Structure formats: structure tokens, C-alpha cells
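Reviewing the structure listed below.
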Amino acid sequence: MSQHQGFIIEQMNGLLNCEKSCLLEAVEQSISRSLQVFPFDRITLIPASKLQLISKQYFSAQRYDNQKLVFDFYVNLQSEAVNEYLAGLSIIRDWRYYNALSLRQSSNTILRALYKEGFNSHYTLPLTMFGELQGGLAISTMTEQPCRAEYLQVMQLLSRAWLMCWREAKFSASVATDYEQRQADKVNLESLTRRQLQVLRMIGSGKSNQVVAGELNLSIRSVESHKYRIGDKLNLAAGDTLTKFAMRHNIWQ
């Protein structure tokens with residue numbers, strides 16, 4: 001691995017010195033760069049979640065642009081083959097190698113599809129963090145000759161960095177989304193009338209419609225009308241409720 005030390009340092013520095021907003025782009029570039037340096041035909045960083053696969057949250061680079069990524073086809077069909085492929089990552093701890101024969105005779109349709117695409121070697125590596133499976137690295141080549149162990153060692157090292165950057169980018173995006181939502185909630189709260197805010201506080205305290213109506217000397221229908229208008233002004237997401245909103249923002253009597 002010493003002869004590739006310069007490449008490893010170059011990639012690590014690029015990932016570590018990258019702005020958070022550009023982390024995902026940096027990961028994609030690093031994967032593509034690795035494809036230029038090593039004799040692989042496709043490198044794919046995949047999540048350990050079918051939901052993430054369906055939403056195309058994976059990275060892949062391939063040597064030939066005219067090839068259709070096998071995951072695109074099977075994920076769109078939501079095939080059980082995807083579940084089987086992901087499950088295979090959870091039962092291994094190191095690289096798993098599939099030669100042409102094992103690809104062709106595999107019971108998994110994704111692996112057989114790789115063979116039909118022209119790949120004769122396929123490697124999978126589980127990626128874990130804090131003892132939990134976070135995803136996997138898949139490498140495919142059209143040659144039947146096994147890859148040098150040194151190349152796989154470099155990929156294993158870089159894949160850890162890719163995974164960390166991937167997780168950091170997801171966390172940063174989540175924080176940014178949460179901040180934006182709170183800012184929007186603040187603006188929406190300011191649009192409530194005094195009476196509507198009073199009703200919301202009582203709801204946040206766990207009071208029923210009947211109790212709210214009694215304390216405010218309103219009819220139950222009026223309380224329900226207030227709640228409807230409050231929900232409309234707060235622009236609640238599907239599955240959200242006034243009670244959850246009030247608790248989230250510490251709104252109660």
C-alpha cells in the first residue's frame with residue numbers, strides 16, 4: 001500500500017479540508033478519481049437501507065458511461081433482490097469475493113445481472129460505524145483475474161473516509177433543515193391571534209376540547225374551529241398535531 005500513499009494522502013486531505021456544503025460532491029469526486037487510479041470498472045458506495053436506495057442516496061462511478069447501474073433497475077422495481085443483497089452485507093466482516101461462476105449461478109438476481117452486464121468479478125465490503133452497519137462498498141471488474149489485495153486495502157481505507165463524510169453531510173443537512181423549520185414555525189406562530197395562541201397553550205397542556213371550551217366560555221364547535229384555523233396557519237406537516245407542535249416549542253400554560 002506504500003506505493004499508493006501519495007494518492008491516499010491526497011484524497012484524505014481533499015475530504016478533510018472540504019466545506020460541509022460540498023462533502024457529497026467531494027465523495028463523488030474521490031470515488032471517480034479512484035476509478036482512474038485502480039483497475040476497477042465500477043465502484044459503488046451503497047447505504048444499508050432500501051429506503052435510501054429507493055431515493056437514490058448512493059454514489060457510483062463507472063468506467064463506461066453507457067452501462068446502466070444495476071441498482072437503478074432493481075430499486076425502481078423495489079425487488080426483493082435488493083433486500084437480499086443488503087442482507088448479505090450484514091453477515092460478513094471483510095471483503096466478499098464473487099467470481100464469474102458464482103455471479104452467474106447466484107440465487108440473487110442483482111448478482112446475476114452484474115454477470116449479464118459483463119462483470120466477471122464483484123467485491124462487497126460492509127461499512128460499519130459504532131458497531132452498526134451503515135452501508136457497503138461494491139467493486140466490480142470485467143476481468144476474471146482477482147484484484148490485488150493492496151488495491152482492496154486502499155479502497156477499504158478510503159471507504160471509511162467516504163462513509164464519515166457521507167454521514168457528516170447527512171447530519172449537517174438535517175440540522176439545516178431543522179433550523180429552517182424552526183424559523184418557519186416562528187413566523188407562523190407570530191401570525192396567530194391572541195385567542196388562537198391561548199387555545200394552543202391549553203392544548204399543549206393536554207387539555208381536552210371540552211375543558212378548553214369550559215375555561216374560555218366557548219362552545220366545543222368554536223374550539224374545534226380555532227384548532228382548525230391554528231393548524232392551517234402553522235402549516236403542519238402530515239402526521240403532525242397541535243399537541244406535538246406545542247410540546248416541540250414548549251408552548252403550554
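No lab work stands behind these numbers, since they all come straight from the coordinates. Just so you know, these numbers come straight off a predicted model, no measurement behind them. Glycine gets a Cβ as well: all are built from the backbone with ideal geometry, and neighbour counts include every protein chain shown.
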**Cα-based Kirkwood hydrodynamic radius, the stretch 106-214, one decimal, Å** = 19.4 Å
**Message:** Given all pairs of different Cα atoms, what value in angstroms does the Kirkwood hydrodynamic radius of the stretch 76-138 take?
**Reply:** 12.2 Å
**Virtual spin-label span in nm between Lys244 and Arg104, 7 Å along Cα→Cβ** = 5.3 nm
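So, with +1 on the Cβ of K and R and -1 on the Cβ of D and E, and no other charges, what is the size of the charge dipole of the stretch 98-253 about its Cα centre, to the nearest 20 debye? Each step should come with its number before you reach the end.
On the way: 19 positive and 13 negative charges, 106 e Å.
The dipole magnitude comes to about 500 debye.
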**Request:** For the stretch 13-23, take each phi angle, set θ = phi - 60°, evaluate the Karplus expression 6.51 cos²θ - 1.76 cosθ + 1.60, and give the result in whole Hz per residue in order, putting x for glycine and proline.
**Result:** 4, x, 6, 6, 8, 7, 5, 4, 5, 10, 4
